[in-house]
Amino acid sequence: MSVSKIEQSRAQQTEQTATQHESSPSLQVPLGNHDDRHATGVGTSGRWSTKRIAVYALFVALAIVASFIELPIFPAAPFLKYDPSGIIGLVAGFAYGPAAAVIVSVLGFVPHLFTNPLGALMNIAIALALSVPASLLYRNKHTRPGALLGIICGSVIALIVAILGNLLITPLYAHMSVAQVAAMIIPILLPFNVLKFVIHGVVTFLIYKPISNVLASTANK
Amino acid sequence: MIAEPSHIPASQLCRKTTVTSSIAYAVQLEHIGFSYDRGKTWTLHDLSLHIEQGSYVAIVGANGSGKSTLGRIIAGLSTPDYGTVTLCNQQVFQQQAFPKAYRQVRRHIGVVFQQPDDQLVATVVEDDVAFGPENLHVPSDQIRQRVDASLQQVGLSNRVHHNPLAMSGGQQQRVAIAGMLAMHAKMLILDEPCAMLDTQGRKEVLDVLHQLHDQGTTIVHITHGLEEALQADRIIAMHHGMPQELGKQEAIDFFTHPQPSQPYQPSQPQQTSYLQSIDHSATQSHAQSNQSNEQFNSQPAIWHSQAPADQPVLSAQHISFRFSGSATATLDAMNLEVMSGTITAIRGDNGSGKSTFARILSGIYTPQTGSISICGLPLVSERTTGTKQHSIKAKRKLREQIRTHIGYVMQHPEHQLFAETVAEDVAFGPTNQGLTPEHIQQRVHEALALVGIEHLAGLSPFALSGGQQRLVAIAGVLACHPDVVIWDEPTSSLDADATARVHSIMQELKAHGIASIIITHDEAECSLADHVVTMRKLDAPDVQEQHHHRSLLQQLDPRATLVATLTMMFTTFAVNSPLALAITGLLCLAMMAATRTSPRWLIRSIHPFLALFAIMWVCNLWFTQDGTVLWSWGALSITDMGLWLATLYFCRLVAVIAFGAMLIHATSTVALIDAMHSLMTPLSKLGFHTDELALVASLALRFVPTLGKEAQDIMNAQATRGGSIDAGASSKRLRAMAAIVVPVFAGALRHADQLALALDARCYEGGTGRTHLRQMVFTWKDAVYMLIALADIAAIVWLAFN
């Protein structure tokens, strides 16, 4: 393969940033203004910069779109559906911090409050339980392994919240006592939820590097 | 004269004479410079420019000439690196920025950008136009006046309550201009506003600009269309960061004799080349392009189409299509036959259904009638039931097999890139086809060579220029070895070099028996084709301004409806007696009357849930064993209690959903967000930034349809490369998921950048508060509604415990 001088130096440049990246590839993006050197000082002087508002708005929109996507993943119970909004919350939390994780997790499910109020509350709790601890852990250790650790911790907490939530809420939807729920529903719900979080984790891990490239390229614009 | 809330009245702000001359200047730039890379290269260097108050100036130039950068500096959205900037007679920058001055001055400068829908911040025209004045703290009643006046100025008074996202590009740009007028902008900067518009849209925008100019607004129009430039009084050409005044004749020469690295001049409509040349740096471009053209012309290995030459490779008969929920058909009895090794162009105006047709041919949509066969295999076949004919698509496995013969290059295909490296992205298609790793490598190498970007194989696709990204996406489609490639506007936004490259690829494919179907606006592109098809938009009834007779619920304060309805929804879970159920049922009916909901609409909107509830009804029936047994089959028995409880739970769920659906139907999302925002005011005392959160929520809702559509487009595009998330092996599905999630994120970030700019242009500032177009007033009717809700809650709860 012949490589021209320009592309070579460009590739070197990318290599440099890439090695910087490799040693600590990070998703973190400071939400200051879009171009520090040429800022007028107006859009960033408010409590929240316009960039911050815009980014949060788009991520919440993504979470809402994702929350309406339903994929069957459990052949044993085809009515239990997977929705990818957990991934959105995780990435938002990694890139922009725990506050972003909270906003995306809560606002992302607000539309569902009007169709399935109790289910929506539970989903909000689960989303928070997943993304906030993950994001807090990632703040200390912003590398790919750090992200993995964050996802695992978040998944465990979210699993507990999911089980508790189901125990509380299912009796309102179906005539079952808490004990019956524990005995009959949990054996199906538990593996389903584990599978769900595994998928969240695997996909987030898979997209980690490309997403960090995307974030890096928009940061440099 | 409406009193301005700023310190200096606007009447004086932009008309005050300077000390040195008696001419009033809107813009004075003295020796400014701008660098994107900390001084390595200078986009603008030692530039001085004066623009008189009330003039109409066009700024033209190639990509990279600095015109957009200049536009942003003039608009007060960014600062130069050095020099002095005076806008509307206030010095805003001299070696450093003066934020207070910028804030003052920006209130009177309006900015309109290229992408019409990225400037929209609301889902209702009047809310979008009102956003600017709200940020300027204009009192509510005056906002209403301003909105009406500006919509009248741009000719959109009959669309006050419409959804701007559903309007044409020209209309959307006019809404953007109206938004700026509502802020009483004295100067309007427009950065390639007509680039994405068709002839009609361009005319609409130019007419408005003329009107505004007549009324005394300073207009700075950045463009690279000759027709638009000639509208101006003064034409300034930017050439590598240096301005040059052009007379009318010189301007015509400038456009008709393009310099090297000039933008491609399509015949119609004018399209912008915001994407850089595929060869990265401008200085090397000439030498580069020669070199790569040579590489390219040295016959790279390319597969030959397997399709027989005597049969059509694609045959579509009698295709009719209508989107579900649409009153009019998009396509009516379309026929198309494509032989291998040919190029067919499909052209037509915006809205003629070209893209829809492309998607149908690729197997993404299924038409209502008609049949499609690819290489002799039936993708869609027609069945006759009774007297009606309808189309059914092939079974999954056959469909997947047929799809390997079709390549689909969507609009802006660079938006579907997702992988860590270019090679990995291109390998996606072959990998999904289940080829061996060596075979995949070979395909990737071949595709990259065909397209001319082998040297980029190891780079991240997100580090490339726009033109290069497009080539990567095209390579990704070609690596699947299709027999027919469908291209949807393949050269939109590309410059001359990149366009030529894409055309060569098509010719090369043709020489090897691979057919191309090109959807295009561009006459010049049609000249490539052996066969041209013209599509015309089907007639649709005119859009009338709907007169909303506000139903009872809509007249209430949304806070009351929100709180009362939500609490009623939650209380419904406590219903456990026939009387309580009856009360709930009655309230449901009452609400249906109050919101003018028809039972049929209600059933239609909740029917997705009915299936789930039915399953639960069965489960409840089975689980409940108390009471007297009515029937039994072996282990299964149905008791009277079981029947009652199952029905009770079913009715409860239906009631909850019905309340919710009616609430959403009756109250606009805008009103709901306003209500929630208002109700959260106590939280703001605790330090929560409820204002910003409310804005985030309403902006998010505005973007949901946009992102949803983009996500769908990306899912479709990846599906044509064999990546689908709802069926197949787990590892394949996960990989497909990644291939969808990453581009969707990239798209969201792209929108976020533009949105931030739009917010800046509308003078939004967090923390300073905003006035509102609409006021919520709590009246006696609201009190009555809340009392009814309270009575309902009391009754249900009492009955629950007794």
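The values are calculated or read from the model by the stated rules, or taken from the named source; none is laboratory data. All values reported here derive from a predicted model rather than from experimental measurement. Positions of Cβ are generated from backbone atoms using ideal geometry, with glycine treated the same way; all protein chains shown enter the neighbour counts. Remember, those area values only see protein heavy atoms, side chains included, never the ligands or the DNA or RNA. Shrake-Rupley method; radii C 1.70, N 1.55, O 1.52, S 1.80 Å.
Observations, loosely collected:
- Residue check, B:Arg383 modelled with pLDDT of 85 or more and either open to solvent by 10 Å² or more (accessible area, probe 1.4 Å) or closer than 21 Å to B:Ile714 by Cβ (or both): no
- Residue in region B:495-515 that is modelled with the lowest pLDDT, counting only those that are within 14 Å of B:Arg470 (Cα to Cα) and open to solvent by less than 10 Å² (accessible area, probe 1.4 Å): B:Ala498
- Check on B:Met662, at pLDDT 85 or above, closer than 30 Å to B:Val563 by Cβ and surrounded by fewer than 20 Cβ atoms within 10 Å (Cβ to Cβ): no
- All positions within region B:432-451 that are open to solvent by 10 Å² or more (accessible area, probe 1.4 Å), small (Gly, Ala, Ser) and away from chain A (no Cβ under 12 Å): B:Gly434
- For the residues B:Ala719, B:Ala700, B:Ala694, the requirement of being aliphatic (A, V, I, L, M), modelled with pLDDT of 90 or more and more than 15 Å from A:Val110 (Cα to Cα) singles out B:Ala719.
- Among (1) free of Cβ contacts under 8 Å to residues at least 24 places away in the same chain; (2) open to solvent by less than 40 Å² (accessible area, probe 1.4 Å); (3) within 12 Å of another protein chain (Cβ to nearest Cβ) - the single one A:Ile186 does not satisfy: (3)
- Which numbered condition B:Ile189 fails, given (1) under 22 Å from B:Lys67 (Cα atoms); (2) assigned to a helix (DSSP H, G or I): (2)
- Some residue of region A:44-56 being open to solvent by less than 10 Å² (accessible area, probe 1.4 Å), more than 7 Å from chain B (Cβ to nearest Cβ) and over 17 Å from A:Leu215 (Cβ atoms): no
- Per-region count, region A:169-183, residues more than 11 Å from every other protein chain (Cβ to nearest Cβ) and in contact with a Leu (Cβ under 9 Å, 6 or more places away or on another chain): 2
- Any hit, region B:531-543, residues being farther than 30 Å from B:Ala655 by Cβ, at pLDDT 90 or above and among the basic types (Lys, Arg): no
- Qualifying positions in region B:421-468 - within 22 Å of A:Lys209 (Cα to Cα) and in contact with an Asp or Glu (Cβ under 6 Å, 6 or more places away or on another chain): B:His455, B:Pro461
- Test: B:Ser605 is assigned to a helix (DSSP H, G or I), more than 9 Å from every other protein chain (Cβ to nearest Cβ) and among the polar types (S, T, N, Q): yes
- Qualifying residue in region B:212-224 (condition: modelled with pLDDT of 90 or more, crowded, with 24+ Cβ neighbours inside 10 Å and in a helix (DSSP H, G or I)): no
- Matching option when the condition is modelled with pLDDT under 90, surrounded by fewer than 21 Cβ atoms within 10 Å (Cβ to Cβ) and at the interface with chain A (Cβ under 7 Å from one of its Cβ atoms), among B:Gly767, B:Gly708, B:Gly728: B:Gly767
- Residues in region A:114-139 that are within 14 Å of another protein chain (Cβ to nearest Cβ), among the polar types (S, T, N, Q) and open to solvent by less than 20 Å² (accessible area, probe 1.4 Å): 0 in all.
- Within region B:78-92, considering residues that are of a type outside the set (Val, Ile, Thr) and within 19 Å of B:Arg38 (Cα to Cα), the one nearest to the other protein chains (Cβ to nearest Cβ): B:Ser78
- Residue list for region B:445-501, filter: in a helix (DSSP H, G or I) and charged (D, E, K, R): B:Glu446, B:Glu454, B:Arg470, B:Asp497, B:Arg501
Results for (1) in contact (Cβ under 8 Å) with a residue 60 or more places away in the chain; (2) of a type in the set (Asp, Glu), shown as yes or no for each residue.
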site	(1), (2)
B:Gln96	no, no
B:His108	yes, no
B:Gln142	yes, no
B:Asp148	no, yes
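- When every residue of region A:89-102 is checked against the conditions, at least one turns out to be within 11 Å of another protein chain (Cβ to nearest Cβ), assigned to a helix (DSSP H, G or I), without any contact (Cβ under 8 Å) to a residue 60 or more places away in the chain and open to solvent by 10 Å² or more (accessible area, probe 1.4 Å).
- For region B:771-802, a residue qualifies if it is part of a loop (DSSP other than H, G, I, E, B) and buried (at least 20 other Cβ atoms within 10 Å of the Cβ), and exactly one does: B:Leu773.
- Taken as a whole, the structure places A:Ile73 among residues that are in contact (Cβ under 8 Å) with a residue 40 or more places away in the chain, open to solvent by 20 Å² or more (accessible area, probe 1.4 Å) and within 13 Å of chain B (Cβ to nearest Cβ).
- Residue within region A:140-158 that is open to solvent by less than 30 Å² (accessible area, probe 1.4 Å), under 30 Å from B:Thr567 (Cα atoms) and within 13 Å of chain B (Cβ to nearest Cβ) present: no
- Number of the condition not met by B:Gln625 [criteria: (1) assigned to a loop (DSSP other than H, G, I, E, B); (2) open to solvent by less than 20 Å² (accessible area, probe 1.4 Å)]: (2)
- For region B:167-204, residues that are of a type in the set (S, T, N, Q) and touching a residue at least 40 places away in the same chain (Cβ under 8 Å) total 4.
- Test for B:Leu602: is it open to solvent by less than 50 Å² (accessible area, probe 1.4 Å) and of a type in the set (A, V, I, L, M): yes
- Unique match (being more than 14 Å from every other protein chain (Cβ to nearest Cβ), farther than 21 Å from B:Thr217 by Cα and open to solvent by 10 Å² or more (accessible area, probe 1.4 Å)) among B:Asp118, B:Asp127: B:Asp127
- Residue match in region B:170-185 (condition: in contact with a Phe, Trp or Tyr (Cβ under 8 Å, 6 or more places away or on another chain), surrounded by 24 or more Cβ atoms within 10 Å (Cβ to Cβ) and part of a helix (DSSP H, G or I)): yes
- Some residue of region B:650-670 being under 18 Å from A:Tyr56 (Cβ atoms) and within 11 Å of chain A (Cβ to nearest Cβ): yes
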